[in-house]
Every structure is written in C-alpha cells, then in structure tokens.
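The values are calculated or read from the model by the stated rules, or taken from the named source; none is laboratory data. Owing to the predicted nature of the structure, the values given are computational and were not obtained by experimental measurement. Please note: Cβ atoms are built from the backbone with ideal geometry, for glycine as well, and neighbour counts cover all protein chains shown.
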Amino acid sequence: MATDKATTLIGPGTHISGEIRGDEDLVVKGSVDGKIQLSGTLTIDKGALVQADLDVRALVVSGTVVGSIAAAESVRLLPSARIVGDLATPRIVMEAGAAYRGRVDMGDVEVAAAAAARAAVAQPVASATEVKPRPAPPRMAPPPKAAQLSGRPDKPISTSPAPSRADSHSLAVEPTRSAPPAFPRVTGAMGGSAPAWAKKKIRRR
Amino acid sequence: MANTVIGSGIVIDGEISGEEALTILGTVKGKVAVTQDVLIEPGASVEADVEGQTVTVSGKLTGNVNAHAKLELRPDSKMVGNAKSPRIVIADGASFKGNVDMDG
C-alpha cells in the first residue's frame with residue numbers, strides 16, 4: 001500500500017460525520033457530513049456526497065456538495081458537479097454541465113475602477129455630448145441577462161423543446177447528465193453558417 | 001481497491017463508518033465503525049471506540065475495541081481501553097491497559 005504519502009482518501013464505501021481538519025490534500029469518494037477545513041486541495045470525486053461547510057485552499061468538484069464553500073485560492077467545477085450553497089473564492093472555473101445554485105462572491109471586483117478608467121478615456125473624445133457616457137451603465141449591469149442567469153440553476157437548458165427534461169433538472173442534486181443537452185443549444189445559436197467544424201470543436205471538450 | 005486512508009496531517013472529530021478497509025495515519029476522535037479491517041499506523045493517534053473485522057494497532061489508541069476477527073497490538077503500539085475479540089495478539093514491546101474479553 002502506498003499509504004506513506006500524505007494523501008487522504010475517503011473511499012466510496014465510507015461515511016464520515018463530524019469535522020475534518022488538516023494541512024494536506026484530501027480526496028472524497030464517499031460521503032461526509034459536517035465540516036471540512038483544509039489548507040490543501042479538496043477533491044470531491046464523482047459519486048461522492050458532501051453535506052458540509054468547506055473551508056479549503058483549493059477545491060475540485062465532480063461530485064455533489066451541499067453547503068457553503070470558501071476556497072482561498074480557487075474552485076473548479078467539473079461537468080458532473082452538483083452544488084447547492086454559497087461560494088466564496090477569488091477564482092472559479094465552471095465547466096459545461098456543472099450544476100450550481102447559490103451565491104458567488106469573488107471578493108472585490110474592480111468594476112468602479114474599470115468604469116472610471118473607461119470614462120477617462122471616453123470623455124476627451126466625446127466631451128461635448130452627454131449621450132456617450134450613457135451606454136456604459138447598462139453594459140455593466142444588464143438586467144435581462146441577470147434574469148436569465150438566475151433562472152438557469154432550475155433549468156440549465158432554455159430550449160423550448162423537451163420541457164419534461166428541463167423539469168427533471170429542477171432538483172439539482174440528482175446527478176443526471178445535463179452536458180449533452182446543453183450543446184445543441186450552442187450549435188443552434190451558431191445557425192447554419194459553420195455547423196460542421198463548430199460542432200466538432202464543441203464536442204471535443 | 002480504493003480503501004479509506006486518513007493521512008498524517010488530518011484530524012477527524014466525529015464518526016467514521018463504512019464498508020471498506022480503513023487506514024489511519026492521522027488523528028481520529030470520536031467513533032470508528034467499519035465492517036472491514038482497521039489499521040492504525042505508527043504515528044497515528046486514535047481516541048475513539050473502534051469496531052472492525054481485524055484491528056491492527058501500531059500507533060496509539062485510546063478507546064474500546066471490538067474486533068470481530070482479530071485484534072493485533074504490534075510492537076511499540078500503545079493501547080488504553082477494553083479489548084473484545086475472539087483472537088488477540090499482543091506483540092513484545094506493545095503497551096496495553098484494559099480488560100480483555102475473548103468471548104465468542
């Protein structure tokens with residue numbers, strides 16, 4: 001057994017309820033209830049169920065997580081990830097197929113500074129007209145897009161056909177595959193202009 | 001077989017249960033109840049009641065043990081608690097304090 005290496009594994013047939021703390025990497029394939037506090041990378045594998053508050057350095061999820069998440073470095077949600085809970089981390093990667101419901105907090109996002117810099121550049125060019133600066137605010141906070149996003153966790157695919165399928169996704173915990181249905185939507189949006197190569201490229205992901 | 005390993009830098013406060021072998025190198029407090037073998041490695045510290053098939057102790061264990069097949073205390077192991085198992089091995093150099101129950 002290669003157990004000398006400091007890698008902790010919670011196997012698929014193991015359940016832990018309580019608190020896990022540590023300063024090494026942890027891989028969960030089984031189930032955990034409670035709390036995980038780690039100064040390493042936490043990997044939640046496919047098939048794993050974690051109902052816990054997570055406070056880790058880095059997190060990689062392809063299983064199911066229910067609980068609030070804080071990652072000091074980054075969070076990566078792989079296609080089979082199912083997550084319900086708030087998420088606080090400076091970096092997030094979310095792959096197509098991952099299902100997530102909750103609030104995301106990426107800390108201080110420098111929107112104000114960017115807007116100020118933009119205004120400073122824009123003003124000398126169009127200083128006389130007050131119309132030019134106007135389009136900027138809606139671009140930063142577009143209300144229709146925000147509405148779409150909030151509706152997404154319940155219904156990952158907003159295509160009109162297959163409404164029953166969309167309903168089955170309303171419970172995000174059920175690990176059903178939602179990646180394949182998501183792709184036709186993308187290719188559909190591309191229209192008939194360049195379908196062949198575009199489809200191939202998307203499938204390869 | 002992907003059995004469960006609790007690394008040396010990990011502390012678990014709570015209950016571990018399952019149907020696969022468990023290797024502990026770190027610290028566990030609470031309760032351990034698995035249907036397979038439990039291995040407490042040198043350097044590990046367990047303050048828990050432990051239940052398993054074969055329980056092998058090389059580290060430090062404080063708590064009652066119920067091993068359905070065998071309990072083995074390796075040299076340099078330290079155990080405080082009651083031992084219940086049909087077969088018990090205590091190696092030379094092991095330290096043990098507690099009651100022994102070898103009934104069925």
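Residue count for segment A:93-113, restricted to those that are closer than 30 Å to residue A:81 by Cβ and outside any strand (DSSP E or B): 12.
One line per residue, one yes/no per condition, for (1) more than 13 Å from chain A (Cβ to nearest Cβ); (2) over 20 Å from residue B:82 (Cα atoms); (3) of a type in the set (A, V, I, L, M):
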position	(1), (2), (3)
B:16	no, no, yes
B:29	no, no, no
B:37	no, no, no
B:50	yes, no, yes
B:53	yes, no, no
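Out of B:33, B:69, B:48, one residue alone is surrounded by fewer than 16 Cβ atoms within 10 Å (Cβ to Cβ), of a type in the set (Gly, Ala, Ser), assigned to a strand (DSSP E or B) and modelled with pLDDT of 95 or more. It is B:69.
Can you confirm whether residue B:61 is touching a Phe, Trp or Tyr at 6+ places or on another chain (Cβ under 7 Å) and more than 14 Å from every other protein chain (Cβ to nearest Cβ)? Taking the combined requirement at face value, the residue does not satisfy it.
Every residue, every condition in (1) without any contact (Cβ under 8 Å) to a residue 24 or more places away in the chain; (2) surrounded by fewer than 22 Cβ atoms within 10 Å (Cβ to Cβ); (3) at the interface with chain B (Cβ under 9 Å from one of its Cβ atoms), yes or no:
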| residue | (1), (2), (3) |
| --- | --- |
| A:8 | yes, no, yes |
| A:13 | yes, yes, yes |
| A:17 | yes, yes, yes |
| A:41 | yes, yes, no |
| A:67 | yes, yes, no |
| A:73 | yes, yes, no |
| A:76 | yes, yes, no |
| A:108 | yes, yes, no |
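With the requirement that a residue be touching a Ser or Thr at 6+ places or on another chain (Cβ under 8 Å) and either buried (at least 18 other Cβ atoms within 10 Å of the Cβ) or more than 7 Å from chain A (Cβ to nearest Cβ) (or both), what does segment B:18-27 give you? Matches in segment B:18-27: B:18, B:20, B:21, B:22, B:23, B:25, B:26, B:27.
For segment A:29-39, give me each residue that is assigned to a strand (DSSP E or B), in contact with a Gly (Cβ under 7 Å, 6 or more places away or on another chain) and either of a type in the set (Val, Ile, Thr) or surrounded by fewer than 22 Cβ atoms within 10 Å (Cβ to Cβ) (or both). The answer is A:34, and nothing else. Restricting A:62, A:80 to those that are under 28 Å from residue B:24 (Cα atoms) and either small (Gly, Ala, Ser) or away from chain B (no Cβ under 13 Å) (or both) reduces the list to A:62.
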